[in-house]
Each structure stands twice: as C-alpha cells, then as structure tokens.
Amino acid sequence: MRLVFAGTPDFAAEHLQALLGGAHQVVAVYTQPDRPAGRGQKLMPSPVKQLAQAHGIPVYQPQTLRNPDAQAELAALAPDLMVVVAYGLILPQAVLDIPRLGCINSHASLLPRWRGAAPIQRAIEAGDSVSGVTVMRMEAGLDTGPMLLKVTTPISAEDTGGSLHDRLAQLGPVAVLEAIEGLAAGTLEGEVQNDADATYAHKLNKDEARIDWTRPAIHLERQIRAFNPWPISHSLLNGEALKVLSARTAAGAGTPGEIIAADKGGLTVACGEGALSLSRLQLPGGKPLAFSDLYNSRQALFSTGTVLGQ
C-alpha cells in the first residue's frame, strides 16, 4: 500500500521508523513547519522531518490542510492510507476522505479516556493505574473515531511523564503495524467510542506546573511525576525558582509550603494534607541534583521554618 505519514515530535518519529521497516511504501511525510528553538532561536526541523529526510522521503509542511491547494497536493500522492501521530494540525473532512482506506491515528491513551493534547501526563496526574495506545479510524471530531486496536501498560508508582511516554512510544508502532495489516486484509472492524466515558487531556502549560502547597501531598506527588521532564513542577525558595523533579509522600504537618525537616534523606515540606519529601531538585543556574548532594553544599538554604512559594 501507498502510505502517507503525518506527525511531528519524537513519539511520532518512533512510529515512522517502524513504518519504514514495514511491508508498505511511505510515499510522503507531513509535519509541522520548522519552529525556532534553543538559545539562538534558529529554525529547527521536527524529529519526523529529520527522519524522513534521512531516508529520502518527500516532506510537506503546510501551515494548514484546509486550503484546496494543499488538499490537491495530498490527493496527487494517491495514498491508500494516511497514518497520523501527534501531527498538530486539524484534518478537515475533505482530507480524511482522500486516502482509499481513510486515515488512522495512534493516540497515547485508552480512549475514550483522555482525548486531547496531553494524555500521558494527565493519566499520571489523575492517578490512573493503566495507560496504553489506541489506534482509531479518524473522524472530524477530536479523537472521537471508531477504535481499531488497543494495547495497555500499567502505570507504576515510579512512572514519570517521560518514562510512560517512552514505553508508549514502543507499544504504539507495533499496534499501528498490526492495524494496517488488518485494514489491508479487510478483517479489522472499528468499535464506536462511548462519548459518556470521555475525558479531556488539556494541553500542558508552565503556569500550572507551579506547586500549590495547599493541595494534598498525594496530588502533588503525582503532578511532579507527570510534569517531568516538561514543564517540570516548580516553586520559590527565598524568592528564587526551585524546580522539583522527584518527590514522595511523607508524614508531617505544618503551614503549607513550610520546610519541616531537612537531612540527607530529603527535604520534607508540609502540604494542605500530609507532606512531601523532595528528593531531586534544581536550583537556578544549576543542574538537577539529589537533595543529599544539595544539602551537603547548601545546607543553610533549607532551614526548617522557611516557607516555599513565597
């Protein structure tokens, strides 16, 4: 079959890599326009574009797929199937209708739970015990199409947004390859989603990563794991930014944000309910360090009674 692939970040690139080793021909790749990145704000190609160029595959980067010229360009490729993974552009119905077998999407949640932009992080933040990848047939709605295939993985108490992302990035491509074979053979039927069970995974932003110490410790512990490696939970220590990369719930009470203990085992901070022991931190201009290392060199910073967030 003639495949067109549409995707942008690393998660999508893992899927493209699998397709390149599969039985079908990837005739073109669609990805987001190059974006400024790094200190110099130079235009950077997406991971998907870099991979496609390394394999000599034509790359298309339209600002939108709503315009007739972009749609005609896609139709001229005569695709049998379009595989979409974290592309970042809306596909209007006119585009969904172009491939002979339609468009399929690999989404990093067990739909209909966590439709939307940040399903991996929202699953951890909410305390879900399981996650996975759903391969679905695409419709004009956001992640609403019939489900073709699901693979699951447990969410452990140690999982971060990064570790779960990496695991799903290995599971997703295998599921997509299986779904493609089922569609090619005509043996795969879609299961309609129950909209009543749907939840929405709002896009992440840096503002919500600010730690609200009045919240229960168990909620903050999940947030810290979910937002690692981005946007990284943070607070203020003596008016300066303090990034928190790892923590566990602990016993203790005090004013929310108050340092109630500090030793080589961790920095214990009171929350609205319970306390958190912060075990991996990053100070301004520094690198992430275990608290035991910070405590050895900056012990005066972490005096009991100091209140974080002020």
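The values are calculated or read from the model by the stated rules, or taken from the named source; none is laboratory data. All of these numbers come straight from a predicted model, not from anything done at the bench. Cβ sites come from the backbone with ideal geometry, for glycine too, and all protein chains shown count toward neighbours.
When you go through L96, L65, L89 one by one, which is the residue that is within 15 Å of A140 (Cα to Cα) and modelled with pLDDT under 95?
On the way: L96 fails: modelled with pLDDT under 95; L65 fails: modelled with pLDDT under 95.
Only one candidate passes the filter, namely L89.
Given the options L77, L101, L65, name the one that is of a type in the set (A, V, I, L, M), within 24 Å of L177 (Cβ to Cβ), touching a helix residue (DSSP H, G or I) at 6+ places or on another chain (Cβ under 6 Å) and surrounded by fewer than 22 Cβ atoms within 10 Å (Cβ to Cβ). Can you show your working first?
Values: L77 fails: touching a helix residue (DSSP H, G or I) at 6+ places or on another chain (Cβ under 6 Å); L65 fails: within 24 Å of L177 (Cβ to Cβ).
One residue alone meets the criteria, L101.
Within the range 192-227, track down each residue that is of a type in the set (S, T, N, Q), farther than 20 Å from G239 by Cα and at pLDDT 95 or above. Step through it out loud before you land on a result.
Taking the range 192-227 first, the residues of a type in the set (S, T, N, Q) are 193-194, 199, 205, 214, 223.
Narrowing further to those that are farther than 20 Å from G239 by Cα: 193-194, 199, 205, 223.
Listed by number, the residues that qualify are Q193, N194, T199, Q223.
Does T255 satisfy the condition of being surrounded by 21 or more Cβ atoms within 10 Å (Cβ to Cβ), touching a strand residue (DSSP E or B) at 6+ places or on another chain (Cβ under 7 Å) and not aromatic (F, W, Y)? So that I can check it myself, show each step before the final result.
Details: surrounded by 21 or more Cβ atoms within 10 Å (Cβ to Cβ): no; touching a strand residue (DSSP E or B) at 6+ places or on another chain (Cβ under 7 Å): yes; not aromatic (F, W, Y): yes.
In short, no.
Is there a residue in the range 250-262 that is under 31 Å from the mean Cα position of the chain (by Cα), among the hydroxyl-bearing types (S, T, Y) and at negative phi? First the steps, then the outcome.
Kept after step one, since they are under 31 Å from the mean Cα position of the chain (by Cα), are these residues of the range 250-262: 250, 256-257.
This time we only want the ones that are among the hydroxyl-bearing types (S, T, Y), so: none.
Scanning the range 250-262 turns up no residue that is under 31 Å from the mean Cα position of the chain (by Cα), among the hydroxyl-bearing types (S, T, Y) and at negative phi.
From the residues in the range 258-280 that are in contact (Cβ under 8 Å) with a residue 40 or more places away in the chain and of a type in the set (D, E), which one is surrounded by the most Cβ atoms within 10 Å (Cβ to Cβ)? Working first, answer last.
Start the filter on the range 258-280 by keeping residues that are in contact (Cβ under 8 Å) with a residue 40 or more places away in the chain, which leaves 258-262, 269-276.
Then drop every residue that is not of a type in the set (D, E), which leaves 258, 273.
On the way: E258: 20, E273: 15.
The qualifying residue surrounded by the most Cβ atoms within 10 Å (Cβ to Cβ) is E258.
Kindly provide the set of residues from the range 27-57 that are surrounded by 20 or more Cβ atoms within 10 Å (Cβ to Cβ) and within 26 Å of E181 (Cα to Cα), ordered by number. Don't jump to the end; show me each part of the working.
Pass one, the range 27-57, residues surrounded by 20 or more Cβ atoms within 10 Å (Cβ to Cβ): 28-32, 46, 48-49, 51-52.
Scanning the range 27-57 gives A28, V29, Y30, T31, V48, K49, L51, A52.
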